[in-house]
1. Cross-link candidates for Lys63: which lysines have Cα within less than 17 Å, leaving aside residues fewer than 8 places away along the same chain?
2. Set Lys and Arg Cβ to +1 and Asp and Glu Cβ to -1, take the dipole of the chain about its Cα centre, and tell me which of Leu144, His17, Pro83 lies farthest positive.
3. When we measure straight from the Cα of Lys116, which lysines land under 17 angstrom away, once same-chain ones fewer than 8 places off are left out?
4. Could you rank the peptides 84-94, 53-63, 122-132, 69-79 by their average count of other C-beta atoms within 10 Å per residue, with the highest value first?
5. Give me the dipole magnitude in Debye, nearest 20, for the chain about the Cα centre, with unit charges on the beta carbon: positive for Lys and Arg, negative for Asp and Glu.
6. State the dimensionless ratio Rg/Rh of region 3-156 (Rg: radius of gyration of Cα atoms; Rh: Kirkwood radius).
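Where a number appears in this text, it was derived from the coordinates with a stated rule and is not lab data. Since the structure is predicted, the reported quantities are computational estimates derived from the model, not experimental observations. Cβ placement follows ideal geometry from the backbone for every residue including glycine, while neighbour counts extend to all protein chains displayed.
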Amino acid sequence: MSDDSADLVRPLRVADHPFFRGLDENLVQLAASRATDHSFKAGDIILQEGKVANEFWLVFQGKVALEISSPGQPLLTIQTIGPGEALGWSWLSPPYRWRFDARAVTATRAFAINAKALRDTLEAEPEIGYRFLMRLLPVIGERLENTRGQIMDLRAV
């Protein structure tokens, strides 16, 4: 067994992910209780544009490409994310549909947290919700900036 495959079976905890460090302990516990551990092989699809966004993903190991597809065009990679990063924000606002594809570039391990439970908690606890959203806002901003960069690159061609 290679070192990479050994990492894919090592016990992990939501509380160990950088996204949740320093956030409200009750929120961390809720997220942990609603999280499922997933492993993906290189090439596996994690999220698919247009499908229902039911999870908030935390990447622990591996690399994930965020991609946009367009009929008759090759896939466009917007960003590649890795360990310690969050994946997906489409679960936050209706219609709760993924706005991009996510594909494992390498063997990847990630936790999927139930989005409805998370949304309900963030709404019921506005202070916790605010802190969570302030943590997520830079992720959203970075994705938008990377998308803008890709569009500018396409225009230059």
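1. Counting by Cα, and skipping residues close in sequence, Lys63 has these lysines nearby: Lys41.
2. About the Cα centre, the residue reaching furthest to the positive side is Leu144.
3. Cα-Cα hits under 17 Å: Lys51.
4. 53-63, 84-94, 122-132, 69-79
5. Dipole magnitude for the chain comes out near 280 debye.
6. Here the Rg-to-Rh quotient is 0.97.
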